[in-house]
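What follows is a single structure, written as structure tokens, with notes after it.
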Amino acid sequence: MKECIVFITNIINVLHDGLIYIFYLLGFSLSDKELHFWIIGIIGLLTFLSVYTIFKLLSKWKFSITAISFIYTLTVMLVLVFAIEIQQGITTRGNMEFDDAIAGLWGFLVFFSIYIAFASFFLLSKRLLSSNKEKKIKTEAPTRSQRHVN
């Protein structure tokens, strides 16, 4: 895990220095805070537009709230497991390992799959019971000739 974070940090540092150099060549002298303002602002807006488009498409599905809730929860879980691993690395209380983060995310996916299985079973049972009631009501309903006997 530590190696993974160091690798990602090195990539970000190279991109950071490259962007500062590019802005310098273009005649802009940006401080670190100004660079963060522009880059994070642009990344945030592009992320929002992507998420908005995906969620807009998902909203047309029958189980759109479930799909959107899953994506949001998965995002929170990603942040949480990596925050826990970073905390373990900083405090040296536990081992900071990428495999631990993956195991935690697998735990969420397994428990979510169990939830989906139970929810599907419940919804399917409910649908079958309601369709049986409708069939029973239709067979017990008087026919046209029976209604006009009086």
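The numbers here are math on the coordinates, done by the rules we state, and not lab data. The structure displayed is predicted, hence computed values, not measured ones. We place every Cβ from the backbone using ideal geometry, glycine too, and count neighbours over all the protein chains shown.
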**Asked** On full extension of the chain, what length is gained from T73 through I86, given 0.36 nm per residue of separation minus the C-alpha to C-alpha distance?
**Response** 2.7 nm
**Fill in**
Computed for the chain: size of charge dipole around the Cα centre, +1 on C-beta of each Lys and Arg, -1 on C-beta of each Asp and Glu, debye to nearest 20, value 1780
**Item:** In nm, spacing of pseudo-spin labels at S130 and K2 (7 Å Cα→C-beta vector)
**Value:** 5.7
**Prompt:** Which one of G94, F48, I5 has its Cα pushed farthest toward the positive end of the charge dipole of the chain, where Lys and Arg give +1 and Asp and Glu give -1 at the Cβ?
**Reply:** F48
**Item:** Count of lysine pairs in the chain with Cα separation under 26 Å (8 or more residues apart, or interchain)
**Value:** 7
**Prompt:** What is the chain by shape, rounded, prolate or oblate, if you read a ≥ b ≥ c off the alpha carbon gyration tensor as root eigenvalues and call it rounded for a/c under 1.5, prolate for a/b larger than b/c, and oblate otherwise?
**Reply:** oblate
**Asked** Calculated from DSSP H runs of 4 or more alone, at -39500 (n - 2.57) each and per residue, what is the 222 nm mean residue ellipticity of the chain, nearest 500?
**Response** -30000 deg cm²/dmol
**Message:** Test of understanding: what is the full-extension gain from I12 to F112, defined as 0.36 nm times their sequence separation minus their Cα-Cα distance?
**Reply:** 32.7 nm
